[in-house]
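In what follows, a structure is listed as structure tokens, so that the remarks can point back to it.
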Amino acid sequence: MVDLNAIAKKWQQRWEEAKLFEVKENTRKKKFYCLEMYPYPSERLHMGHLRNYSIGDALARYKRMRGFNVLYPMGYDAFGLPAENAAIKNNADPAEWTIRNMNAIRQQQKSLGFSYDWGREIASLWPDYYKWNQWIFLKLYENGLAYKKHAAVNWCPSCNTVLANEQVEAGLCWRCKSPVEQRELEQWFFRITQYADELLKDIRKLEHWPERVKVMQENWIGKSEGASVYFDLAAHEETLEVFTTRADTLFGATFMVLAPEHPLVPQITTMEHEAEVKKYIEAARRERELEREEKTEKTGVFTGAYAINPVNGKQIPIWISDYVLMGYGTGAIMAVPAHDERDMEFAQKFKLPIVEVVRKEGHEEMLHCYTEGGILVNSEEFTGMESSDAIKKIVEKLHKKGKAKHSVQYKLRDWLISRQRYWGTPIPIIYCEKCGIVAVPYEQLPVLLPASNKVKFTGQGNPLETNHEFVNIRCPKCHGNAKRETDTMDTFVDSSWYFLRYCSPKYEKLPFDKKAAMYWMPVDQYIGGIEHAILHLLYARFFTKVLRDLGLVEADEPFMRLLTQGMVIKDRAKMSKSLGNVVDPEEITSKYGPDTARLFILFAALPEKELDWSNQGVQGSYRFLQRLYRLAELEIKAKGNDDKKKYVISMLQRTILKATEHVDEMRFSLALGALMEYANILAKYAEHIDSKTYRESLKKLVVMMAPFTPHISEEMWEMLAGKGFVSVQEWPEADDKLLDEEIEAAEELVESTMADINEVLQLVKKKPGKITLFIAESWKYQYLHKLKTILSKTYNMKEVMGHVMDKEHAAEIGSLTPKLMKDTSRIPKTLLSHEAELRALQSNREAVAQRFNAAVEVVSAAKSNEQKAKQAMPGKPAIFVE
């Protein structure tokens, strides 16, 4: 057995010494930017990582061989909550913890032979990276795209700190298990909503993204066209704004519902309902938005206040309920229970009026909670009008009264980037007693994180607040007393532009060199998990558009193609530590070598499909690589059979065509299937072809295996006296002139005939003394040729029979034709002549005789009186065993 790990180490060292995968801009070459979502350095790589990187590396290597100038970088998403949690739990240094993990992952990646340009490595914890996070923040702030406002956050009253969503488990603090509340705090936001329309519109440009991801983005942005309607408040001067897409249902609005956090609630609540309302608001604060959205039972309390329905002047009660969220629309809804399911449930529970105002056309009574358009009823002068017309007319009438206006709303909300924790990019803002909010001057960037031994990780409050030297500074404007912002940025900021930094990772004047970005961007192929289909991809698209408007980049969209690879499954479940079904990539690579792991990963399933882990599959991949290696050790001494040589060469062209097509479409498993099949052909025909044909064919096979199994391919290339590295050889081009369908069909005839003989012998259960092969009569070849021709045009039985009929063989044709039309697989794809079939089997008679240890005779059915001979068909000789 060849030592695949020793081979891998040898070639990894040679690649590194030659700096083989380092790349520069070259306008004379086509560029290809291949990128995987950069990993969070938490412990070591898992099998999902291995799959992601194996896909990306195979594509990057293939594109190099196709003549592209390939940018294929790697870095680390190094800030984040896990490192800080480790610091709190184990008194560890987040930087040391993260860097240790980065080093371990980098070593794993190098040991697997991924062809990254390591000279472009980045990590978000490096000051020369996060400096530019701060620079971009300041540019957004200057342009009104970064701002501060009050927002609801998860608050643990016991730990006295804000919690990220990930730190809230079943409504409890992850650390002390106390109930988590919702509190209003001042937070920093990015105004992504300013780009909502463009983000939505430009989804159409993403032709090569999965449809599922595009739909997820569209739904997250959630554009709705409708009207803002203004309800006066009885006994109050304020007005309540409601957004609706169904102005046709206004006459059916029988109550209002406000979010518990709505700022008008304290003002309008009457004294007799005040205690109950306060109690309800406190309970709602302890619930997260997701929990509120998913609740099935409706709860709420009456405020004691009333609104006036602008279409009919009726007073309707105002309630509060946690099913209305302040973050969506205006935080207030007009409830139309007859035509909204949630409103119906609420009305039924609290015995509120239900008034039908839209009826399905053709129906004379109310359908239970009818939510579609229809004909208006109980709607004064609009009764009898169709919904779409009524919407326009009602809004027009209210607009003239100053009670409505056409409006567009988005579900998308501005991006809250504040994080009350240490391990992230400090927000470059100063609070001065005289000057107010002051941006850190550009020349003072980066605002460095204090060393971890300069802050206290107590689990209570923001650790940065404990470093007075960091917090207390002089104002850069007036030089008076000031304090730094102690919030750090959401780590999604780090990953929203890192792909641009890869274009020029050592550039010092700006976040990236515009010329380099113009050459490399957009990313041609992006690869990562479906879990990032919304936020990361949306934020990256937003940042690209902002940086474009700042004049730093020309691309509108960051990623041209997107692949969301499938999960790795074991024992019918996703691999996870909690299920105890994790397979460590190092266990596989240390035993079988990195090429085996990569081959299995790429061959077992198409990239976008789930991959079912199989130990037998891994072992099968290992055995194939051992067989492949032995092909380079063979010494060929045969002079060669001309037909066999033509077959091997023709099948090589066929394999090149198949593999190229499949890799271009990232169908790696199918490409590998074709290459494995050709490896079997070479092994089988090695003793029948000349040395030159064998070696040249094998070299081309090795070149095509290189993107998938690069180490063993390099070793075999060297054994075959190939020049340079196989990793940078040109991908083979098929020569159509060398394709020989007749030779291929003849060889397939021999193979299928041997399989048929074997099947007959199993049935008769006797050792053969002689095997006779009957070749079909000549007329049957002419008949099948006519049948194939007519079936390409029609399946009309009358027309078919008229085309193929031959008076001399009418009975047989009448019997055969319906059967063959029913099962066209019995008609050979390539129809050889009677003479070609006879010649093919005659020339392989000796091989058949050796295989079955019997005398073999090949006879034309026309020259035999055997009843069996009449059963012979083109491509299917009759077999007689004696």
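Hey, what number do you get for the chain at 222 nm if only DSSP H runs of n ≥ 4 count, each worth -39500 (n - 2.57), divided across all residues, to the nearest 500?
Numbers: 29 runs with 354 residues, N = 882.
About -12500 deg cm²/dmol.
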Distance histogram for region 481-574 (every C-alpha pair counted, 5 angstrom bins, percent rounded to whole numbers): 2, 12, 19, 20, 15, 11, 8, 6, 4, 2, 1, 0, 0
Region 533-589 - Kirkwood radius from inverse mean 1/r over Cα pairs (Å): 14.7
Which listed pairs, of Lys139/Lys509; Lys644/Lys723; Lys63/Lys514; Lys515/Lys545; Lys9/Lys63, have C-alpha distances above 20 Å, in listed order: Lys644/Lys723; Lys63/Lys514; Lys9/Lys63
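On a 1.4 Å probe surface of the protein chains, which of Glu169, Glu96 comes out largest in accessible area, and what is the full order? Please list the in-between numbers first.
Working: Glu169 90, Glu96 120 Å².
The residues order as Glu96, Glu169, largest area first.
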Relative contact order of region 258-415, pairs being alpha-carbon contacts under 8 Å that are 6 or more residues apart, as %: 17
Whole-Hz ³J(HN,Hα) from phi, Karplus 6.51 cos²θ - 1.76 cosθ + 1.60, for region 6-12, glycine and proline x: 5, 4, 4, 4, 4, 7, 4
In Å², nearest 10: area of Ser864 left accessible to a 1.4 Å probe: 30
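Count neighbours as other Cβ atoms within 10 Å of each site's Cβ, and list the trypsin sites (Lys or Arg not before Pro) in region 314-397 that are DSSP loop with at most 10 such neighbours.
Lys351
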Long-range HN-HN contacts of Arg561 with modeled amide H, under 5 Å: Gln525, Tyr526
Gyration tensor verdict on region 739-882 (Cα atoms; rounded if a/c is under 1.5, prolate if a/b is larger than b/c, oblate otherwise): prolate
Cleavage-rule hits, GluC sites (Glu not before Pro), region 448-551, DSSP coil, Cβ neighbours within 10 Å at most 12: Glu508
Long-range amide H partners of Val358 with built H, under 5 Å: Val377
All aspartates and glutamates inside 19 Å of Lys829 as judged from Cα atoms, apart from same-chain residues fewer than 8 positions distant: Asp736, Asp740, Glu741, Glu742, Glu744, Glu747, Glu748, Glu751, Asp756, Glu777, Glu837
Loop-located GluC sites (Glu not before Pro) in region 621-680 whose Cβ has at most 15 other Cβ within 10 Å (DSSP): Glu635, Glu665
Area of Arg851 that stays accessible when all protein chains are in place (1.4 Å probe, Å², to 10): 130
29 Å Cα-Cα reach of Lys392 towards lysines, excluding residues that sit fewer than 8 places from it in its own chain: Lys201, Lys223, Lys314, Lys360, Lys400, Lys401, Lys403, Lys405, Lys411
Cα centroid of region 416-450 to Cα centroid of region 525-595, whole Å: 31
[x] 63, 40, 21; [y] 66, 41, 23; [z] 132, 28, 22, with the label sought being that of the calculated semi-axes √(5λ) of the Cα gyration tensor in Å: [y]
Karplus-derived HN-Hα couplings along region 485-494 (A = 6.51, B = -1.76, C = 1.60, θ = phi - 60°), whole Hz, x at Gly and Pro: 5, 9, 6, 10, 7, 3, 5, 4, 4, 4
Amide H contacts under 5 Å for Thr161, placed H, 5+ residues apart: Cys156, Gly461
Separation of alpha-carbon centers, region 625-674 and region 181-250, rounded to whole Å: 56
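What whole-number value in cubic angstrom gives the convex hull volume per residue for the C-alpha atoms of region 705-794? Each step should come with its number before you reach the end.
Details: hull volume 24.5 nm³, N = 90.
Taking only Cα atoms, region 705-794 has a hull volume of 272 Å³ per residue.
First check a/c for region 248-353, with a ≥ b ≥ c the square roots of the eigenvalues of its C-alpha gyration tensor; if it is under 1.5, answer rounded, and if not, answer prolate when a/b is larger than b/c or oblate otherwise.
Values: a/c = 1.67, a/b = 1.22, b/c = 1.37.
Here region 248-353 falls in the oblate category.
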Translational diffusion of region 511-554, µm² s⁻¹ [Kirkwood Rh, Cα pairs; Stokes-Einstein; 25 °C; 0.890 mPa s]: 212
Residue-by-residue Karplus 3J(HN,Hα) for region 212-226, coefficients 6.51, -1.76, 1.60, Hz, glycine and proline x: 4, 5, 4, 5, 4, 5, 4, 5, 5, 5, x, 6, 9, 9, x
Accessible-area ranking of Asp248, Asp414, Asp389, largest first, probe 1.4 Å: Asp389, Asp414, Asp248
Exceeding the 30 Å Cα-Cα cut-off - candidates Lys31/Lys205; Lys609/Lys822; Lys699/Lys767; Lys456/Lys570; Lys637/Lys780: Lys609/Lys822; Lys699/Lys767; Lys456/Lys570; Lys637/Lys780
Reachable aspartates and glutamates from Lys29, criterion Cα separation under 17 angstrom, eight or more residues apart if same chain: Asp524, Glu730
Label point distance in nm, Lys863-Leu535, each placed 7 Å from Cα along Cα→Cβ: 8.0
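With N set to the residue count of region 625-705, report its C-alpha Rg divided by 2.2 N^0.38 Å to two decimal places. Please report the intermediate quantities before stating the final value.
Working: Rg = 12.5 Å, N = 81, 2.2 N^0.38 = 11.7 Å.
Region 625-705 yields a ratio of 1.07.
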Solvent-accessible surface (1.4 angstrom probe) belonging to Asp202, in square angstrom, nearest 10: 0
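The values are calculated or read from the model by the stated rules, or taken from the named source; none is laboratory data. Because the structure is predicted, anything quoted here is derived from the model rather than measured. When we count neighbours, we look across all protein chains shown, and the Cβ atoms used for this are built from the backbone with ideal geometry, even at glycine. All accessible areas refer to the heavy atoms of the entire protein, side chains included, with ligands and DNA or RNA removed. Shrake-Rupley method; radii C 1.70, N 1.55, O 1.52, S 1.80 Å.
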